[in-house]
Structure formats: structure tokens, C-alpha cells
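Peer 1: Questions regarding the structure given below will be posed in turn.
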Amino acid sequence: MAVYEGKWRCSSCGVLNQGANLQCPCGNPRGKDEEIFLEPDAPAVTDPALLAAASAGPNWFCGYCGAENVHTATGCKQCSGNRTQSSDGRKVQATEPRREVERSTGMRVRDEPTEAMAALDAPLLSLFSLRKCAAAGAVVVGFITLLVWLFVGTKEVEATVTETTWTRSVQVDQLGPREEGWDRPSDSELIQTEQRPRVQEVPVTVTRTRKATKEVPTGETKKVKTGRKIDTGNGFFKDEEKEVPVTKTVTYDEEYQETEFRTTVVPATWYVYRAWRKVRAEELSGERDPRWPTVVLLPEQRSGNRREEFSVVFLTAEGKTHKHNPSDEGEFQQFQKGSRRRLKVNNVGWLISVK
Ligand SMILES: [Zn+2]
Ligand SMILES: [Zn+2]
């Protein structure tokens, strides 16, 4: 355990003295007013006489004159007075090492000038950025208002139906050639099925062991430094230590699980089928009364998907045209060519709805 010598400054003449010295060269004896401190970079003491002084026990202050005396002294070296009840010892406690504060100014010079500068700059900076933020905010609010006005704001206009068109188509499908596989389209024509062995990769969870290590307490303890220093009360300091349990590293078998794939053969259904394929589409269109095209089907053909599309064109008094797509035949039939309707359009000119 390392021992370090402290320092103290004479309250009478201001000279810095070693912790082992109980009297300043000026003649002033060390007393309660003189605090003993440890410099963080103080080297460990090796001199046997100093080591002996450090382990002698805490010093005591004379009850008559206040001078500091070594632990073993029975009388005061300053006034020869006996050690009395009123004589108390130096405090023995753990402390962080510290340097003596600067005496001339009474405060330490701070080495973070940036903090003070930041405090000065802060109000200016915030005022500047506040104006910038306000300007940017006004632009954004204005832009959003314009967008809302353009797309949400609507007006009603009178318009005439100038064009009505419908288109309807029917797809014609034909059965394709014979195909086979593990899957088939749900609407395909099934020819036959059979059970066949199918090779599959099946996930299997397996448990394995591996070598692992862990720390186990041995039951013994050892002393380690805490990083703090204990004031020995006689001008010296020593490292503070604490007892910690001793551990050892042991190796053991650890179980863990892993997924691996195994190839297995299972019976599965094999399909032989013919799928429907699009061969053509019949289309019909007109202005009024929508109807479906008539489809002539050959053997192995069917009528497949049906599509329909309706379109109405309006002309406003200002000469603008709007196109509208009715969703079904019922809605489409409500629009007579030449009839007048009211349209709701937004400020961009898009048709929103038809009344
Ligand atoms: Zn002095
Ligand atoms: Zn004394």
C-alpha cells in the first residue's frame, strides 16, 4: 500500500511546507488553521523514516496553545503543556486528492472560456434564428393556404352534356394443352391426380453442446485500491482499499439449439390438368343503351372476364370541357346528350362531382 506525503501552507508567512514538518521555518507551529492537502501527482513515499511517521497514528492539537503534536508525544513541544481532554486529533478520512487553491485571487482560474463566450453569444444568436424561423413559417403557412384554396375550394358551374360513350368487352378463353405439376390453377380442368413421393426440406430443431466459460467466486477475497486516499491525520495519506471477492474462470458444457434442414420424402398429390388461356376479346361500343357483345364459342372455349367503361363529356358556358366516368350503367343512363347539369369544380379546374 502506497503512502504519500501531504503539504500545508503556513497561515503566518504563506510558505508551503511538507506534511511531515510540524513547524514552519518562520517559527509558526502547525495548528488547526493549517489544512493538509494532497497533490494528485504526489509520488509514493519510500524513505523509511517518513514511512514510520505516516504509520505512527493521527497527530493531536494542544489544548493550551493549539500547536500540532505527533501521536506518541505526551506533552506539547511548543508550550510543554500536558496532553489534556481538550486536546483533539486531526480528522482521519478518505478524500479525493486535490491541489491547493490559488492564494492570491482566492479562486482558481477556469480553463473553459468557451462557456462565458457562449453565454454572451446566446441572446444574439436566438434573436437572429427567431426572425429566420418566423419568415420561414410565414412562407410555409402561405403556401399551405394556397394549396388548400386551389384543391379544397370549389365552385358550381352550369354545363351541357356533349358526348356519351360506353365500351363493353368479353374475353374468350380456350383450354390449353395438357400440363402437370405439384400445383394447378384453381379454375383449370383437372384430368387426373396421383400420389407421388415428393422430396422436401423440413426444419428440425437440434440440441447441441459447446464449451463456454464463466466467472465463479472462489470464496476468497483480495484487497484492491478504490482510487481514493485516506488522510492519516499526521501529514500523510495512504491508498484506500476494499475487499473484493476473488473469482476464477471455469469451463463448462453449454447447451444450445439450432435449426437445421433435413431432406425427407413424403407422398404428395401430382396434378395433370388443362388451364384456360385468353385467345381473344369481343368489344362493342356506342353512345346510348349499353349492351354486351354476343360471343360465338367453339368447343373447348368459354366466355371469360368482362370489362365495361362509361364516359361523359361536359362543356361549360366558359368553353371548358370536363370528362366524367360513371361507375355503372344506371348512372350512365342518367346523362342525356344535350341536357344541362351543374358541376362542382375546384380552383385548379378539376371536376369534383356532378349534381
Ligand atoms: Zn511560516
Ligand atoms: Zn501547547
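No value in this document is a laboratory result; all are computed from the given coordinates. Because the structure is a prediction, the values reported are computed rather than measured. Cβ atoms come from the backbone with ideal geometry, glycine included; neighbour counts cover every protein chain shown.
Peer 1: To the nearest Å, what is the center-to-center distance of the range 277-310 and the range 256-275, using C-alpha atoms only?
Peer 2: 42 Å
Peer 1: Using DSSP to define loop residues, name the trypsin sites (Lys or Arg not before Pro) in the range 1-89 whose beta-carbon has at most 16 other beta-carbon atoms within 10 Å. Write down the numbers at each step before the final one.
Peer 2: Values: sites: K7, R9, R30, K32, K77, R83; in loops: R30, K32, K77, R83.
Those that pass, being in a loop and sparsely packed, are K32, K77, R83.
Peer 1: Here's a follow-up. Can you run phi through the Karplus equation (6.51, -1.76, 1.60; θ = phi - 60°) for the range 284-298 and list ³J(HN,Hα) in whole Hz, with x for Gly and Pro?
Peer 2: So the Karplus estimates, Gly and Pro as x, are 9, 9, x, 9, 9, 6, x, 8, 8, x, 7, 10, 9, 9, 8 Hz.
Peer 1: Here is a follow-up. What are the ³J(HN,Hα) values, in whole Hz, obtained from phi via the Karplus relation 6.51 cos²θ - 1.76 cosθ + 1.60 with θ = phi - 60°, for each residue of the range 140-153 in sequence order, with x given for Gly and Pro?
Peer 2: 5, 4, x, 5, 5, 4, 4, 4, 4, 4, 5, 9, 9, x
Peer 1: Let me ask you something else. Please give every one of the lysines within straight-line cross-link reach of K337, meaning a C-alpha to C-alpha distance under 25 Å, and leave out same-chain neighbours fewer than 8 residues apart.
Peer 2: Leaving aside lysines fewer than 8 places away in the same chain, those within reach of K337 are K155, K320, K323, K355.
Peer 1: Moving on. Could you pull out every one of the lysines with an alpha carbon less than 24 Å from that of K242, ignoring same-chain neighbours closer than 8 positions?
Peer 2: K91, K214, K222, K223, K225, K229
Peer 1: Oh, and also: Calculate the spin-label point distance for D187 paired with A94, positioning each point 7 Å from the Cα along the beta-carbon direction, and give it in nanometres.
Peer 2: Distance between label points: 8.3 nm.
Peer 1: Non-local amide H neighbours of G63 (under 5 Å, H modeled in plane, Pro and chain starts lacking H): which ones?
Peer 2: Under 5 Å from the amide H of G63 lie the amide H atoms of T84, S87, each far enough along the sequence or on another chain.
Peer 1: Within 10 Å of each residue's Cβ, count the other Cβ atoms and sort L130, L351 from fewest upward.
Peer 2: Numbers: L130 10, L351 17.
Listed from fewest to most nearby Cβ atoms, that is L130, L351.
Peer 1: Now for a separate question. Near Q334, within a Cβ-to-Cβ distance under 14 Å, what is the net charge of the other residues, with Lys and Arg +1 and Asp and Glu -1? Don't skip to the end; give the middle numbers.
Peer 2: Values: positive: R288, K337, R340, R341, R342, K355; negative: D289, D328, E329, E331.
That sum, taken over residues with Cβ under 14 Å, equals +2.
Peer 1: Between the range 335-355 and the range 1-57, what is the C-alpha centre distance in whole Å?
Peer 2: Each part's Cα centre sits 101 Å from the other's.
Peer 1: Where does the chain land on Rg(C-alpha)/(2.2 N^0.38 Å)?
Peer 2: 2.44
Peer 1: Moving to a separate point now. Say each of R307 and V279 gets a label point 7 Å from the Cα, pointing the same way as Cα to Cβ; how far apart are those two points in nm?
Peer 2: Going by the 7 Å Cα→Cβ label model, 2.0 nm.
Peer 1: While we're on this one: Which of the cysteines found in the chain have nothing to pair with, since no other Cys Cβ lies under 4.7 Å from theirs?
Peer 2: Singleton cysteines: C133.
Peer 1: With a ≥ b ≥ c taken as the square roots of the eigenvalues of the C-alpha gyration tensor of the range 250-355, please select rounded if a/c is under 1.5 and otherwise prolate if a/b is larger than b/c or oblate if it is not? Provide the component values of the computation, followed by the final result.
Peer 2: Values: a/c = 6.18, a/b = 1.80, b/c = 3.43.
Oblate, because a/c is 1.5 or more while a/b does not exceed b/c.
Peer 1: Chymotrypsin sites (Phe, Trp or Tyr not before Pro) within the range 151-215: which are DSSP loop residues with at most 13 other Cβ atoms inside 10 Å? List each step's numbers first, then the result.
Peer 2: Values: sites: F151, W166, W182; in loops: W182.
Sites meeting the loop and neighbour criteria: W182.
Peer 1: With springs connecting C-alpha atoms under 10 Å apart, model the chain as a Gaussian network and identify which of A135, A53, A67 has the largest mean-square fluctuation.
Peer 2: A135
Peer 1: Just to confirm my numbers, what's the Cα centroid distance between the range 163-191 and the range 192-220 in Å?
Peer 2: The range 163-191 and the range 192-220 have Cα centres separated by 46 Å.
Peer 1: Which net charge results for the neighbourhood of Y273, defined as the other residues with beta-carbon distances under 13 angstrom from its beta-carbon, given Lys and Arg at +1 and Asp and Glu at -1?
Peer 2: Computed value for this residue: -2.
Peer 1: What distance in nm separates the two pseudo spin-label positions at V295 and L315, each 7 Å out from Cα along the beta-carbon direction?
Peer 2: With each label point 7 Å from Cα toward Cβ, the separation is 3.8 nm.
Peer 1: From the square roots a ≥ b ≥ c of the eigenvalues of the alpha-carbon gyration tensor of the range 171-285, which class results: rounded (a/c under 1.5), prolate (a/b over b/c), or oblate? Walk me through the numbers before you get to the answer.
Peer 2: On the way: a/c = 12.83, a/b = 3.20, b/c = 4.01.
It is oblate, given that a/c is not under 1.5 and a/b is not larger than b/c.
Peer 1: Here's something else I'd like to know. Search the structure for amide H atoms under 5 Å from the amide H of A2, placed 1.01 Å from N in the peptide plane, and list their residues when 5 or more places away or on another chain.
Peer 2: Here D239 satisfy the definition.
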